[in-house]
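Notes follow the structure.
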Amino acid sequence: MGVGDPHELEQLDFFVAMGQFAIAENGAVWVSDAQVPHRALWFIVQHLVLIVPADQIVHNLHQAYQRLRFDHAEFGLLIAGPSKTADIEQSLVIGAHGPRSLTVILL
């Protein structure tokens, strides 16, 4: 399932993956490189859908940090929404450093 060159993913517009758990406090979802062919996918994809089991929601970051495991992963991150940045003239750019949209589905 691995991809050696992340440029192979540049045409990927839409991706659906399982989130390991979500944090109620800030709406973030924990994901890792064990779930994807290349860790760059989390930053390259334009539209991301994360599916999280409803019983895998923790209250806050303290509880989230207690759940972090890297048994099968070398890299993980919390995704809390679409990437946003602004330049020196305050022109907002969405999707500059990650997905343009994020949808979280609780099952």
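Before moving on, here are some points about what is shown:
- Selection of the range 68-100 for residues being touching a helix residue (DSSP H, G or I) at 6+ places or on another chain (Cβ under 9 Å) and either in a strand (DSSP E or B) or surrounded by 12 or more Cβ atoms within 10 Å (Cβ to Cβ) (or both) yields ALA73, PHE75, GLY76, LEU77, LEU78, ILE79, SER83, GLY98, PRO99.
- Residues of the range 1-45 that turn out to be surrounded by 17 or more Cβ atoms within 10 Å (Cβ to Cβ), out of contact with any Phe, Trp or Tyr (no Cβ under 6 Å at 6 or more places or on another chain), free of Cβ contacts under 8 Å to residues at least 40 places away in the same chain and within 20 Å of LYS84 (Cα to Cα), as a count: 4
None of the figures in this text is laboratory data; all of them are computed from the coordinates on show. Since the model is a prediction, treat every value here as computed from it, not as a measurement. Note that we place each Cβ from the backbone using ideal geometry, even for glycine, and neighbour counts take in every protein chain shown.
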